[in-house]
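A quick write-up on the structure given underneath.
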Amino acid sequence: MESETVRIQAKCRAALRSLDLSDLFTVEHLLCATGEKAGRQIVVRAADLSGSAPLGLVLETPEAYTILHSRNTTKLHQRHIILHELAHVLLHLSEDVGAVPVRDNGIAAVVRKLIPDLHPDLESRIRARTTYADVQEREAEQFATMVQTRLRVELPHQRTDEEFPAGLQDLFDAPARSKVAP
């Protein structure tokens, strides 16, 4: 198993290097570079994915790859889902082996609801695995985890005139700001 981990890490590093990005980059940079390499636009959309549906999936059309991710989770988790699905574009979608027809994994109804005008021939090009027993899923997860450490993340700025939220103030032992009259 250890040799598989080394192989997966090497494959992910090579895929990321092939995009020729700077040391720190944004998700947007990664999406653009992957789209350029794949020769198709990469579109990211939030969707109401829940229940037995996966939290993310990729739809391949001749013009674009559409990454759908659950809107009902944290921003950090959404970003991880996007990176995971993007890894499938970069590492796997050109491989026909392992494509799972939507009708076989129970999300056909979800996809038709999200994309009502989807041509039936395209349903078989949706990747929607829900288990990490699949090597492609482990590779995508490794890629997403690895990329998280390299991302340039814009942190929200706490306005100086805003009080730190009470729950966070207690959690981080932040002192309450004194009210100074103007």
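The values are calculated or read from the model by the stated rules, or taken from the named source; none is laboratory data. Small disclaimer: the values here were computed from a predicted structure and weren't measured. Using ideal geometry, Cβ is built from the backbone for each residue, glycine included, and neighbour counts are taken over all protein chains shown. SASA here: full protein model, heavy atoms, side chains in, ligands and nucleic acids out. Shrake-Rupley method; radii C 1.70, N 1.55, O 1.52, S 1.80 Å.
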Any residue that is part of a loop (DSSP other than H, G, I, E, B), aliphatic (A, V, I, L, M) and in contact (Cβ under 8 Å) with a residue 12 or more places away in the chain - is there at least one of those in the stretch 66-85? no
Counting only residues in the stretch 1-44 that are among the basic types (Lys, Arg) and over 17 Å from residue 137 (Cα atoms), the one surrounded by the most Cβ atoms within 10 Å (Cβ to Cβ) is identified as 40
Within the stretch 47-65, the residues that are in contact with a His (Cβ under 8 Å, 6 or more places away or on another chain) and either open to solvent by 40 Å² or more (accessible area, probe 1.4 Å) or assigned to a helix (DSSP H, G or I) (or both) are 55
